[in-house]
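The structure appears below as structure tokens.
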Amino acid sequence: MKSCLNFKKVVLGGVVMMLVMQAGFVWAAEAMSSFDEANQSYRDGNYEEAARLYTRTLEENPDSGNLYYNLGNAYFRLNKLGLAILNYEKALHRSPRDADIRYNLNYARGLLEYKVEDKRNWYMKAVEAFLQYFRWEEVILGTLISYLLVVGSWVFVLFFANGLPWGWGRKALIVLFLISLIFLGAKNIERNMMRDAIVLEKNVSVHYGPSSADQVAFQMGEGLKVYVMDRREKWSRILLASGESGWVPSSQISEVVG
Amino acid sequence: MHTPMKILLFSTVMFLSVALGLEAGEVVVTASADRNSAKVSDEIHLTIRIEGAQGSLQAPRLPGFDGFDTFYTGRSSQISFVNGRSSSSVEFSYVLVPQKPGRFTLKGIEVQVEGRAYTTGPINLEIVEDANQVSRTQTQTASYTSASTGSSQQTIQEPEPVFAPGDENIFVKATVDKTTIFPNEQVLLTYSLYTRYDTRYEGFEEEPGVSGFWIEEFPPEREVKRETVRVGGMRYVKAEIKKLALFPTTAADYTISPGKIKVSIRQEPRATSIFDEFFNDSFFTGGGFFARRENRLLEPPPIALKVVPFPSRGKPEDFKGTVGNFRMSASIDKATVKQDEPVTMTLVIEGEGNIETLHKPDIPELDEFKVYDADTASNLYKSGDVIAGKKTFEVVFIPVKAGNIRIPKLSFSYFNPRLETYQTLYTPEFVLNVTPSETKFKLPVALSEKDEFKKQIKVEGRDIHYIRERMPPRDINVFYRGAIQGILFANILLTLLLGVGLFRDHQERLYARDNALRRRRRAKAFAESRMRRLKSLMHSKDPEKSNRYFDEIGKILTQYLADKFGLSVHGMTEYDLERTLTDTFGSEDPLSKEILELHQICEESRFAKAQVSESLKQRAMKILRETIQRVEKTRR
């Protein structure tokens, strides 16, 4: 009787496992099919439908740089430059070394009505460009690996080669770890503190304070990249690369990360 | 440093040196003069030669050489093919006019080629006094000539001048030969000095402000034109001290600021012309041995110039802004060739105008030929008040088809400002008899070595790149998450291991410094461990086991105390024990007595024949425990 019960449990477990796996396959197949459908709509020139289908696929697979890239292309064809640039930026966060994404992003930026002169120091620009070449996960992984190497070599020496002097190899590992820590800190600032956002409205008035009653500081247009410095209810304080700053309604911009 | 490291370092340095040396060796810049000795105001021709440079080059600007006036006279470029190898060179020509005698060393001239600076070697020049110079005016000096001497020079009535502030005895006028011109048309800017003093021209204190103009400077005349003129009722000596040819680049209204001219004068206006004979001599020009000289800055008033745009009517399509009066000739080096064999066409455009900005006639896309630019050479002539010159273009045509094929007429259009019309010149049409060749077209080796002969890819339009048609791999994100979690877990484990390792290492160091420390620290644990094993013996009725019990208790006590007090276990007597306990607890301490009692019980029980009671065993165990607790507290 006892063995009979065990057999039933095994069968039941197997059935549940198969159902779960099948659900996974069905989900993957659906995602594939809606992606292919979106591509077909794009090929047919039905960019509205392509954008809708890419957006739906993204809900199921939100970490795909390629999906954001395709969505950006669909918005570009619909002449929605702000949304196109936003999605290229999102794609770039996920696939930072993808040449096609960079090309399309630069091309779309070239068509914008407004241009912001980047007045930051050359080293700030260089640091930002360097940081943007790596994913957040890659930086974390790099830091963890460098820590693993430092601690691993230390443990090895303690347990297996006690008394071994600190040679240049282990010193270099420590320097590497410190550099990766600095890199991690900088990436964290770039990702979480200097939150970049894209202007989505055609014309946006930037105010000196977080209300429409405050005086207008300057005008800017769709597709421009801004840095969100502060958030209030319905208003965001933004900073441009030229050094200009002000407040805009949060609904008129969209953050790239988040 | 290890020997292999040295070798590696040495090899790297050698490799870099050779690589850099080779790269630097590609471009060679030299400067040479046609002679090393000359008389004052002779012309010395200086040539800067640049070999192996790619692309177009700008004429190097000479630094100011003290004691010389310098003038740019043109450029020439050559590309030659010898034994299948090509070489190119560009020569820039200058004229140096010495202003004073002496030995001079012209420092190296810096030339920028492809973003890198090259410096030529120094040139030594020896300048001697010209014996006939005394009677000439090469140093551009003017001197007042009194009317009373009855000068034979022509006297002309001049319009009212703008006098130099404060002194109407000396002033400079800057004039242009026309005030309304077309872009790229020559306008002559002349500086005339009017003086009633014994005067020496020292040069420009402030260069003229002529931005928006291409400038060509005229060399000084061997004989400065000098005449006596009457201005505002006063006689002056007038001398033309400088001439510039200006070519405006765009149509606009310009105001030319003529700059500031420095002269030195003898203070008193001269009454006679007795010194005229000697005014050019540096000693006598000083106004005599006892005379004082004074520097003056003369600033002619600004000049307004109107540059009008080219007329749009009748403007030829190939007009590229060339202005002047030109003639063109063309020739080819052979009329019968094999397929893929180069034919060189030489085009010569000659005439008055800005030769440097003159463009090669457009060559249309020809299906029958591959066309490549070869040499370009230009020569400037400065005759009278006009800039003229000759520009030669060499174009290589390589026929890719056989038969009688034609090089069509090429056109060159320019604007003639005198006639105010556009004019177009044509080359003749050349017919080539091309015999067929079996081999397919291939760029000749000599040409393929030079990048400038390769055609550029032209982007005809721009658009975004296409979408991705494959589902992106989800695994990459799973990989990142898994890798981060795995390595994080490994790091935590390693960190704990590191902590353990460091603690162990620290302990080992302490033990290494104090041998007894390890025994002291482990004494209690060791004793308790042995005491646990005694429990089975405690309740045994077997006399042998009882003996073992007390024997073991004695050993535990002895071992513990020996470990704690750093004594040797072997040969530890009751006396040693008593002395140690007395030192630690004092002689009156009950525990000391109990320990001694326990020691006695153990000794006696080991050799007892009768059965030992269990209460005695418990008593022994109790004393042992209390002893350990007490000693632990005491030692802490």
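The values are calculated or read from the model by the stated rules, or taken from the named source; none is laboratory data. All of these numbers come straight from a predicted model, not from anything done at the bench. Reconstructed Cβ throughout: ideal geometry from the backbone, glycine too, with neighbour counts over all protein chains shown.
Here are the numbers:
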quantity	calculated
Among (1) exposed (fewer than 14 other Cβ atoms within 10 Å of the Cβ); (2) at pLDDT 65 or above; (3) assigned by TED's automatic domain parsing to the domain that holds B:Ile170 - the single one B:Glu277 does not satisfy	(2)
Residue check for B:Ser80: surrounded by 14 or more Cβ atoms within 10 Å (Cβ to Cβ), hydroxyl-bearing (Ser, Thr, Tyr), modelled with pLDDT under 75 and over 26 Å from the mean Cα position of the chain (by Cα)	no
Residues satisfying the stated conditions in segment B:494-536, i.e. in contact (Cβ under 8 Å) with a residue 40 or more places away in the chain and not charged (D, E, K, R)	B:Ala516, B:Ala523, B:Ala527, B:Met531, B:Leu534
Test: residue in segment B:455-463 that is over 46 Å from the mean Cα position of the chain (by Cα), modelled with pLDDT under 85, of a type in the set (A, V, I, L, M) and in a loop (DSSP other than H, G, I, E, B)	no
Matching residues, segment B:182-200, being crowded, with 24+ Cβ neighbours inside 10 Å, among the aromatic types (Phe, Trp, Tyr) and under 19 Å from B:Lys243 (Cβ atoms)	B:Tyr194
Filtered residues of segment A:210-228 (kept if without any contact (Cβ under 8 Å) to a residue 60 or more places away in the chain, under 10 Å from A:Gly246 (Cβ atoms) and outside any loop (DSSP other than H, G, I, E, B))	A:Val216, A:Ala217, A:Phe218, A:Val226
Within segment A:51-68, considering residues that are closer than 16 Å to A:Val257 by Cβ, more than 9 Å from every other protein chain (Cβ to nearest Cβ) and in contact (Cβ under 8 Å) with a residue 12 or more places away in the chain, the one farthest from the chain's Cα centre (by Cα)	A:Leu58
Considering residues of segment A:103-119 that are assigned to a helix (DSSP H, G or I) and not aromatic (Phe, Trp, Tyr) only, the residue farthest from the other protein chains (Cβ to nearest Cβ)	A:Arg109
Segment B:247-262: number of residues that are touching an Asp or Glu at 6+ places or on another chain (Cβ under 8 Å) and either of a type in the set (S, T, N, Q) or under 24 Å from B:Gly321 (Cβ atoms) (or both)	2
Some residue of segment A:160-172 being at positive phi and at pLDDT below 90	yes
Listing of helices (runs of 4 or more DSSP H) fully contained in segment A:120-188 that carry 2 or more residues being buried (at least 18 other Cβ atoms within 10 Å of the Cβ)	A:136-160, A:168-188
Verdict on A:Arg94 being at negative phi, outside the structural domain of A:Ser251 (by TED's automatic domain parsing), out of contact with any His (no Cβ under 6 Å at 6 or more places or on another chain) and free of Cβ contacts under 8 Å to residues at least 24 places away in the same chain	no
Members of segment A:82-95 found to be buried (at least 24 other Cβ atoms within 10 Å of the Cβ) and either polar (S, T, N, Q) or within 11 Å of chain B (Cβ to nearest Cβ) (or both), listed by number	A:Ala84, A:Asn87, A:Tyr88, A:Ala91
Considering residues of segment B:175-211 that are of a type in the set (Gly, Ala, Ser) and out of contact with any Lys or Arg (no Cβ under 9 Å at 6 or more places or on another chain) only, the residue nearest to B:Ile303 (Cα to Cα)	B:Gly209
Any chance A:Arg56 is closer than 20 Å to A:Lys187 by Cβ, among the basic types (Lys, Arg) and in contact with a helix residue (DSSP H, G or I) (Cβ under 8 Å, 6 or more places away or on another chain)	no
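Matching residues to (1) surrounded by 11 or more Cβ atoms within 10 Å (Cβ to Cβ); (2) away from chain A (no Cβ under 14 Å):
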residue: B:Phe503; (1), (2): no, no
residue: B:Ala523; (1), (2): yes, yes
residue: B:Met531; (1), (2): yes, yes
residue: B:Glu544; (1), (2): no, yes
residue: B:Ile556; (1), (2): yes, yes
